[in-house]
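Below is one structure; the comments refer to it alone.
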Amino acid sequence: MKRDLFVTMERDAEMETPLRTEPPENVLKGVRTNIVQSIRAFRVQQLQDAARALGQHFLYANLAIAQSKQDVLDLLAQQFILPAHFGKNFDALYDCMTDPVHKSGPQPGFIMVLEQIPANAKFDKEAREQLLDIFRDTADYWGERKIPFRCFYSFL
């Protein structure tokens with residue numbers, strides 16, 4: 001019985017051990033500087049730590065409760081603290097991710113996480129691709145300015 005308890009505690013400790021033990025800035029070593037990709041093996045905390053270590057902006061949005069395009073835009077506005085004049089459409093989202101930030105001076109780079117993008121009838125595959133296209137265009141925008149912009153996403 002005591003042996004089983006020890007094995008269980010040992011397994012619990014193993015599960016708490018991070019998959020990667022390298023310095024935070026090395027987590028992104030193999031990831032292009034201007035990309036939108038699935039979060040896959042990365043953990044949100046790892047990405048936040050990497051952003052901090054690299055001196056970059058970290059933006060996080062959990063979209064799990066969104067059901068529609070408007071819900072997604074509302075949550076992004078709240079969680080990214082977008083300006084009050086945000087028009088709550090995809091064009092306005094692109095503008096908020098580029099223009100005002102660009103005008104605020106030199107930027108160190110961005111690591112962004114869009115977690116649990118909805119996948120339902122009101123936010124279908126086309127809407128998801130449009131949303132990701134906004135962030136791909138944003139990555140291109142910052143890439144042209146030699147500013148790293150990495151966006152990681154997951155679907156609900």
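Could you tell me whether segment 44-58 includes any residue that is part of a strand (DSSP E or B) and either modelled with pLDDT of 90 or more or under 28 Å from L131 (Cβ atoms) (or both)?
Yes, segment 44-58 contains a residue that is part of a strand (DSSP E or B) and either modelled with pLDDT of 90 or more or under 28 Å from L131 (Cβ atoms) (or both).
Does segment 108-126 include one or more residues that are over 15 Å from the mean Cα position of the chain (by Cα), over 28 Å from L54 (Cβ atoms) and crowded, with 20+ Cβ neighbours inside 10 Å?
yes
Would you be able to tell me the number of residues in segment 76-94 that are crowded, with 19+ Cβ neighbours inside 10 Å and in a helix (DSSP H, G or I)?
3
Among the numbered criteria (1) in a loop (DSSP other than H, G, I, E, B); (2) touching an Asp or Glu at 6+ places or on another chain (Cβ under 8 Å); (3) not basic (K, R), which single criterion is violated by S154?
(1)
Among the residues of segment 114-156, which ones are of a type in the set (K, R) and closer than 19 Å to L47 by Cα?
The answer is R136, R150.
Looking at segment 117-139, which of the residues that are in contact with a Leu (Cβ under 6 Å, 6 or more places away or on another chain) and assigned to a loop (DSSP other than H, G, I, E, B) is farthest from V101 (Cα to Cα)?
So the residue we want is A119.
For segment 30-43, enumerate the residues that are at negative phi and either in a loop (DSSP other than H, G, I, E, B) or surrounded by fewer than 18 Cβ atoms within 10 Å (Cβ to Cβ) (or both).
Taking segment 30-43 first, the residues at negative phi are 30-39, 41-43.
Once the filter is applied, which keeps residues that are at negative phi and either in a loop (DSSP other than H, G, I, E, B) or surrounded by fewer than 18 Cβ atoms within 10 Å (Cβ to Cβ) (or both), segment 30-43 yields G30, V31, R32, T33, I35, Q37, S38, I39, A41, F42, R43.
Tell me yes or no: at least one residue of segment 60-75 is of a type in the set (S, T, N, Q), surrounded by 17 or more Cβ atoms within 10 Å (Cβ to Cβ) and either in contact with a helix residue (DSSP H, G or I) (Cβ under 8 Å, 6 or more places away or on another chain) or assigned to a loop (DSSP other than H, G, I, E, B) (or both).
no
Give segment 101-156 a look and list any residue that's small (G, A, S), farther than 21 Å from F86 by Cα and touching a residue at least 40 places away in the same chain (Cβ under 8 Å), or say none.
G109, G143, S154
The values are calculated or read from the model by the stated rules, or taken from the named source; none is laboratory data. What you are looking at is a predicted structure, and each value in this text was computed from that prediction instead of being measured. All Cβ positions, even for glycine, are placed from backbone atoms using ideal geometry, and neighbour counts span all protein chains on display.
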